[in-house]
Structure formats: C-alpha cells, structure tokens
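Each reported figure results from applying straightforward, stated rules to the coordinates on display, with no laboratory input. Predicted model only: the values in this text are computed from it and were never measured. Cβ coordinates were reconstructed from backbone atoms using ideal geometry, including for glycine residues, and neighbour counts include every protein chain displayed.
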Amino acid sequence: MWRNYKGFSLVESMVGISLLFMLMTVFIPLLIHFHQNIENTRLKAIALQEIKETLENRLVNGIERDQIVIREGTTMKISWIPSLVGVCAHYKSSEGKENNVCVKEENSIN
C-alpha cells in the first residue's frame, strides 16, 4: 500500500514547522533575557572594580573626589557619599536604566 511513499506529507511538514516556531517563540526571549542578565552582571563587576580602585586610591593618597570613569566602553560616575561614609558608582544598564552600586566603609575614619 505505501510502497511508493517517498517523503513527508504536507500535514506532517506543517506540524514540524509549527513545532519549530513554537519552540523559537519560547527560547528566543529566554536567550535575550539571559544575555541582558549576563551584561548587567558584567557592568556591576566593572563598577565594583572601580569602587575598589577608588577606595585603594583613598587609602594610599588620601584623596576623596568625585570622578567620571570610562572602562570597557561603560561610563561611570564615581561619587563619595559622606552620609554613607562610602562610595557609589552610577552607570546605565544594558536596558538603559540608571543603576548604582554603593560600598560602605567598614572602619571609617571620621
């Protein structure tokens, strides 16, 4: 009966293609979300590295000044917060949203 059967029918092909599109509609937004999370984590790590270098500079040179830093294509504003007795890094996330990371000094000298 099916001896001349040489491939897939139109219905089988359409079902396969529709399953492929359904999987793509689920996984593509998921991949975009994961990519944004990775980029935001990278930006936060860069901000923390800048804060670390700023605090080390304060210990060595005793200088507390606000500055704008460009590192790895990211522009950050490093600012000292006297009420916090610490330093904050302000930057834009991959979505363009303003973020900041602040570190408070443990043993502050007043």
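Select from region 59-110 the residues that are of a type in the set (Asp, Glu) and loosely packed, with under 10 Cβ neighbours inside 10 Å and write down the one among them that is nearest to residue 37 (Cα to Cα).
95
Tell me which residues, restricted to region 68-91, are free of Cβ contacts under 8 Å to residues at least 12 places away in the same chain and not in a loop (DSSP other than H, G, I, E, B).
68, 70
Assuming residue 46 fulfils every condition listed in (1) in a loop (DSSP other than H, G, I, E, B); (2) β-branched (Val, Ile, Thr); (3) under 16 Å from the mean Cα position of the chain (by Cα) apart from one, which condition is it?
(1)
I need the full set of residues from region 55-67 which are touching a Lys or Arg at 6+ places or on another chain (Cβ under 9 Å) and not in a strand (DSSP E or B), in order please.
64, 66, listed by residue number.
Among the candidates 51, 46, which residue alone is aliphatic (A, V, I, L, M), surrounded by 14 or more Cβ atoms within 10 Å (Cβ to Cβ) and under 15 Å from residue 105 (Cβ atoms)?
Every option except 51 fails the conditions.
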